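K.L.:
Quick one: the structure is below, questions incoming.
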Amino acid sequence: MEEAVAYSFELNPELLDLLNKEFDVKKIVARFAEAIKGKSSEEIEKIGKDVFTDYGTEWIRRTLQLGEEYPDRTYEVLKASIDKTGGYYKFALLPQRFIEIAYLATQEFPSLPIVENNARALVYKLVDCALYRNLKEVCGEGVAGLLPCKNSCLTALKVLHQDLEIDAITGMDAEMPKDGFCRFFARSV
């Protein structure tokens with residue numbers, strides 16, 4: 001009789017811990033706050049775009065790297081399904097996995113609200129964002145209202161699809177200061 005293989009369908013805690021330490025939202029906000037001292041709102045927007053675009057690029061690329069290094073059974077089954085169907089399930093299931101890892105590692109919520117996931121679109125929203133909350137606490141309502149942090153999320157989503165070689169239009173159609181949540185989307189081309 002063959003011995004049963006124990007599979008883990010959970011994300012590896014070490015993976016989440018590594019990402020959390022490397023991309024701690026408090027550290028990026030502190031760095032941003034230091035860089036904008038005494039700057040005009042135009043300068044703050046430019047600095048925000050630069051700082052958070054770099055953060056988003058590094059954050060998602062490290063997530064991709066560690067996500068490959070720490071596979072779980074769900075990921076193995078997903079990759080096998082993608083291979084068996086000639087790539088049919090690649091969009092939007094594969095990007096969703098890495099988006100979820102990135103946010104679960106750096107945010108304080110237990111799951112990422114996925115609004116839509118099908119062959120045409122991946123849509124998710126952030127109702128309570130630790131990055132935005134820290135921006136408000138450290139930099140004030142006015143700076144947080146400029147939403148410089150959106151550059152990290154938008155960049156991560158765009159770079160993720162580029163690096164996975166998936167043609168998609170990415171963007172944002174709701175913002176925390178106006179709508180009470182941020183909503184991001186990737187639409188299949």
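K.L.:
Counting every Cα pair in the stretch 4-78, what percent are over 17 Å apart?
P.N.:
I get 57 percent for the Cα pairs in the stretch 4-78 exceeding 17 Å.
K.L.:
Only counting other Cβ atoms within 10 Å, I'd like Arg31, Arg133 sorted with the fewest neighbours first.
P.N.:
Result, fewest neighbours first: Arg31, Arg133.
K.L.:
Still on this structure, I have one more. Treating cross-link reach as a plain straight distance, find the lysines whose alpha-carbon is under 22 Å from the alpha-carbon of Lys84, omitting any fewer than eight places away in the same chain.
P.N.:
none
K.L.:
Between Lys178 and Ala121, what is the label-to-label distance in nm when each label sits 7 Å out along the Cα-to-Cβ direction?
P.N.:
Placing both labels 7 Å beyond Cα along the Cβ direction yields 1.7 nm.
K.L.:
Rg to Rh ratio, the stretch 25-69, alpha-carbon atoms and Kirkwood radius?
P.N.:
Ratio of gyration radius to Kirkwood radius for the stretch 25-69: 1.13.
K.L.:
Once the cut-off is 25 Å, how many percent of the Cα-Cα pairs in the chain end up in the long-distance tail?
P.N.:
Result for the distance tail: 36 percent.
K.L.:
Report, largest value first, the span of the C-alpha coordinates of the stretch 57-151 along each principal axis, in whole Å.
P.N.:
51, 28, 23
K.L.:
Report the FRET efficiency, 1/(1 + (r/R0)^6), for Ile114 and Glu34, where r is their Cβ-Cβ distance and R0 is 35 Å, rounded to 0.05.
P.N.:
For Ile114 and Glu34, the calculated efficiency is 0.50.
Just so you know, all these numbers are worked out from the coordinates, no wet-lab data involved. Everything numeric here is computed off the predicted structure, so don't read it as measured data. Don't worry about glycine lacking a Cβ; one is built from the backbone with ideal geometry, like all the others, and counts go over all protein chains shown.
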